[in-house]
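**Student:** Have a look at the structure that comes next, please.
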Amino acid sequence: MAKGLAQKILNDQELYSAGVRPEKAVCQYTVKVMLEIYPEIRHHIPASLSEFNHLHFDYVICFGQTAFRHCSDIFSKKSTEIIFYDVADPWNTKGSEEEIEIIYSNTRDQIRELLIEFRKRIS
């Protein structure tokens with residue numbers, strides 16, 4: 001979700017995306033709510049943070065406490081700035097299909113707004 005949004009909002013930046021516990025495929029709820037605002041992301045392949053621990057980044061953006069802890073351990077000496085946004089991970093959401101989609105949509109909208117603010121900050 002964050003990668004698709006970042007590609008749209010930060011389209012002039014070199015972007016990498018990774019997760020603390022990447023799945024083999026993009027979650028069906030993520031695909032569904034992203035289709036409302038962005039082209040198909042089903043083809044995105046989730047990556048692990050460990051794939052990027054040898055690289056230097058100007059910014060590392062973390063959406064959630066767990067991501068922040070892991071990124072701080074890996075990138076604190078390699079990046080200019082680690083940015084933390086406290087976004088709840090919808091992955092473990094329980095409820096009806098509609099309730100789960102609402103939570104995923106809310107997460108999408110929160111990440112989108114945070115990335116728009118970040119875009120303003122670096123412009």
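The values are calculated or read from the model by the stated rules, or taken from the named source; none is laboratory data. Here the structure is a predicted model, which means the values were calculated and not measured. Using ideal geometry, Cβ is built from the backbone for each residue, glycine included, and neighbour counts are taken over all protein chains shown.
**Student:** Let me spell it out: the conditions are (1) part of a strand (DSSP E or B); (2) within 21 Å of residue 106 (Cα to Cα); (3) in contact with an Asp or Glu (Cβ under 9 Å, 6 or more places away or on another chain), and residue 67 meets all of them except one. Which number is the exception?
**Tutor:** Checking residue 67 against (1) part of a strand (DSSP E or B); (2) within 21 Å of residue 106 (Cα to Cα); (3) in contact with an Asp or Glu (Cβ under 9 Å, 6 or more places away or on another chain), the one that fails is (1).
**Student:** Would you tally the residues in segment 75-90 being surrounded by fewer than 15 Cβ atoms within 10 Å (Cβ to Cβ) and under 16 Å from the mean Cα position of the chain (by Cα)?
**Tutor:** The qualifying residues number 2.
**Student:** Among the residues of segment 37-64, which ones are in contact (Cβ under 8 Å) with a residue 60 or more places away in the chain and either in a strand (DSSP E or B) or closer than 16 Å to residue 91 by Cβ (or both)?
**Tutor:** 59, 63
**Student:** Oh, and also: Residue 119 versus (1) at pLDDT below 95; (2) over 12 Å from the mean Cα position of the chain (by Cα); (3) not aliphatic (A, V, I, L, M): which is the lone unmet condition?
**Tutor:** Tallying (1) at pLDDT below 95; (2) over 12 Å from the mean Cα position of the chain (by Cα); (3) not aliphatic (A, V, I, L, M), residue 119 fails exactly one: (1).
**Student:** Pull up segment 53-96, narrow it to residues that are touching a strand residue (DSSP E or B) at 6+ places or on another chain (Cβ under 9 Å) and among the charged types (D, E, K, R), then point me to the one that is nearest to residue 23 (Cα to Cα).
**Tutor:** Across segment 53-96, the extreme among qualifying residues is 89.
**Student:** Within segment 1-18, take every residue that is in a helix (DSSP H, G or I) and among the small types (Gly, Ala, Ser) and give me the one that is nearest to the chain's Cα centre (by Cα). Please lay out each step first, then the result.
**Tutor:** First, the residues of segment 1-18 that are in a helix (DSSP H, G or I): 2-9.
Right, trim to among the small types (Gly, Ala, Ser) and you get 2, 4, 6.
Numbers: 2: 3, 4: 8, 6: 8 Å.
Ranking the candidates gives 2 first.
**Student:** Scan segment 100-119 residue by residue and report those that are aliphatic (A, V, I, L, M) and either free of Cβ contacts under 8 Å to residues at least 12 places away in the same chain or surrounded by 15 or more Cβ atoms within 10 Å (Cβ to Cβ) (or both).
**Tutor:** 100, 102, 103, 111, 114, 115, listed by residue number.
**Student:** Now a separate question. Are any of the residues in segment 84-99 touching a residue at least 40 places away in the same chain (Cβ under 8 Å) and assigned to a helix (DSSP H, G or I)?
**Tutor:** yes
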